[in-house]
Amino acid sequence: MSDQPGTRRTLVAIRLFIVVSLMLLFGSQGSAVAGTQSSIDNSPSSGLLGTTPTMIAPELSSTTDAKPAALPNPIDFNADGYSDIFWRNVVSGENFVLAMYGNYVAAGGSAPPVPDLNWNVAGISDFNGDGYADIFWRHSVQGWNYIWFMGGSTVLGGGSLPTVSNTNWRVVSTDDFTGDNRGDVFWRNVVTGENWMWGMAGLSIPLSTPVASVPNTNWHVVGAGDVNRDNRSDIYWRNVVTGDNYMWAMNGPFVIADGPLPSVPNTNWNIVGSDDYNGDGWDDVLWRNVVTGDNYMWLLAGSTVIADGPLPSVPNTNWMIVQTSDHNADGRNDILWRNRVTGDIYMWFLYATTVYGAPVGYVHPNWRVVGNGTYNGGTVLVSTGENPDAPGPGVADTIHLLSKEAPTASLESNSVAPVTGKSTVFAVPELAATGTTAPESEPQQHANPPVAPEAVRTLVYLPVVR
């Protein structure tokens, strides 16, 4: 059928109407989208302008939200996900790294010796963000500071940091407070009560600033851990006179939330660990009574103790908790025990308040487990065969450790390891009312920062690397 003129005009008009309508429709929407995009680009919430995040107090009561990504393991020298052990010989100045696989030794090697025993390992953390734990050294007399960047037991690099000649300034934590997956340095002046933070980036200190002062020096920093699951470490305080306990939730140097924890007036109870022991993403508190040998666990959700209970008692107080970290890579921190008299080493693998114990071996008491924070009161190490390069006082150090390849290796142990059965007689830490006096969070106004005008660069006095 041939098209008629009228029909053709009608079809043309319809097509023209459709085209114009589509142009108007898409043109209008395009303008709206463009306007919206322009609005987003100029909004502080877009994240494009690098605005400072608002400091909002975390919600500390919720336990049902998704578990965040775990913080990097701060004591992993070979980046395999298993916590390792750094040893220092307090007589010879020798150093040694044990790469662990649970309670077995996967590998080990000597780190450079540091014969000047005034050099102390003040902290272990990943300061340059490469996934390997590094060593923060501090000279207890001169106030010099130095970092070793590690790869296993090898010192890959390092250098001096600003001198802090006033030795009243103590490093109390090298955890990650800024959330950049690099260790930072939390300083406390044990005389004035001032606090200071270095935000680290390798050997650079892009952040050096005061933190709220706590002039009452009876308040001690006894732990650092993530109390609000924001992947930034926070601070646990304990008053060593009254037994009060307190928590600061941190965002870098800022205290964004704070509050009391239950008081434990019996000051024989010490906080010896503040890590995640049940794998729920909340850091918990591990207690040890230094007189009775009793042990206790608080499982926390923020500042709330959601569960608590005794761990097996270890009445022999020569056994000391020298490290709490994840040695079997199951997402739960474990407990490394060391007998300061015999040199025996033992491991507890934790599942909340359930304990599975396993021996590690024996090590000469001249060797100490170091670098786990001033609050852990760490002690010591060593052992596997005869080590002629690590002489003790008149006798060769002997090292008897369980090898990953030989899990049935015999031990030469001279004492009974911490028991792994539930304690039948146990004194629970007294949980007093929480209406306690908090550490005074006074603004820092007259602090002398723990920074000297320039770094000490002479290698004569620094840890020897060879």
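The values are calculated or read from the model by the stated rules, or taken from the named source; none is laboratory data. Note that the structure is predicted; figures quoted are calculated from it, not measured. When we count neighbours, we look across all protein chains shown, and the Cβ atoms used for this are built from the backbone with ideal geometry, even at glycine. To get the accessible areas, we keep the full protein, side chains included, count just its heavy atoms, and leave off ligands, DNA and RNA. Shrake-Rupley method; radii C 1.70, N 1.55, O 1.52, S 1.80 Å.
Observations
- Members of region 78-103 that are part of a loop (DSSP other than H, G, I, E, B) and open to solvent by 20 Å² or more (accessible area, probe 1.4 Å): 78, 79, 80, 81, 82, 90, 91, 92, 94
- For the residues 333, 339, 318, the requirement of being farther than 17 Å from residue 290 by Cβ and either touching a helix residue (DSSP H, G or I) at 6+ places or on another chain (Cβ under 6 Å) or of a type outside the set (A, V, I, L, M, F, W, C) (or both) singles out 333.
- Residue ID - nearest to residue 253 (Cα to Cα), chosen from residues in region 202-229 that are at pLDDT 95 or above and in contact with a Leu (Cβ under 9 Å, 6 or more places away or on another chain): 205
- Restricting region 176-195 to residues that are open to solvent by 20 Å² or more (accessible area, probe 1.4 Å), over 13 Å from the mean Cα position of the chain (by Cα) and of a type outside the set (Asp, Glu), the residue that is nearest to residue 126 (Cα to Cα) is 190.
- The one condition in (1) surrounded by fewer than 24 Cβ atoms within 10 Å (Cβ to Cβ); (2) in contact with a His (Cβ under 9 Å, 6 or more places away or on another chain) that residue 266 fails to fulfil: (2)
- Set side by side, the residues 211, 221, 190 differ, and just one is over 20 Å from residue 257 (Cα atoms) and of a type in the set (A, V, I, L, M), which is 190.
- Residue 210 meets each of the listed conditions (1) open to solvent by 40 Å² or more (accessible area, probe 1.4 Å); (2) closer than 29 Å to residue 278 by Cα; (3) not basic (Lys, Arg) apart from (2).
- Within region 114-126, residues that are closer than 15 Å to residue 169 by Cα and basic (Lys, Arg) have Cβ atoms under 9 Å from residues that are at pLDDT below 95 and open to solvent by 60 Å² or more (accessible area, probe 1.4 Å) in no pair, counting only partners at least 6 apart in sequence or on another chain.
- Checking the stated criteria, residue 282 turns out to be within 18 Å of residue 333 (Cα to Cα) and at pLDDT below 95.
- When restricted to residues that are open to solvent by 20 Å² or more (accessible area, probe 1.4 Å), within 22 Å of the chain's Cα centre (by Cα) and modelled with pLDDT of 90 or more, region 346-376 contains 4.
- Residue in region 300-345 that is least open to solvent (accessible area, probe 1.4 Å), counting only those that are within 16 Å of residue 276 (Cβ to Cβ), of a type in the set (Ser, Thr, Tyr) and touching a Ser or Thr at 6+ places or on another chain (Cβ under 7 Å): 325
- When residues of region 114-136 are limited to those that are under 13 Å from residue 97 (Cβ atoms) and not in a strand (DSSP E or B), the one least open to solvent (accessible area, probe 1.4 Å): 133
- Residue identified as under 23 Å from residue 188 (Cβ atoms) and of a type outside the set (D, E, K, R) among 289, 278, 316, 216: 216
- Region 230-263 - residue that is within 13 Å of the chain's Cα centre (by Cα) and open to solvent by 10 Å² or more (accessible area, probe 1.4 Å) and, of those, modelled with the highest pLDDT: 232
- Boolean, residue 284 is surrounded by 22 or more Cβ atoms within 10 Å (Cβ to Cβ) and of a type in the set (Asp, Glu): yes
- Residue in region 137-160 that is charged (D, E, K, R) and either in contact with a Pro (Cβ under 9 Å, 6 or more places away or on another chain) or part of a loop (DSSP other than H, G, I, E, B) (or both) present: no
- All conditions but one from (1) more than 21 Å from residue 225 (Cβ to Cβ); (2) part of a strand (DSSP E or B); (3) open to solvent by less than 10 Å² (accessible area, probe 1.4 Å) apply to residue 106; the one that does not is (3).
- Condition check for residue 170: within 22 Å of the chain's Cα centre (by Cα) and open to solvent by 20 Å² or more (accessible area, probe 1.4 Å): yes
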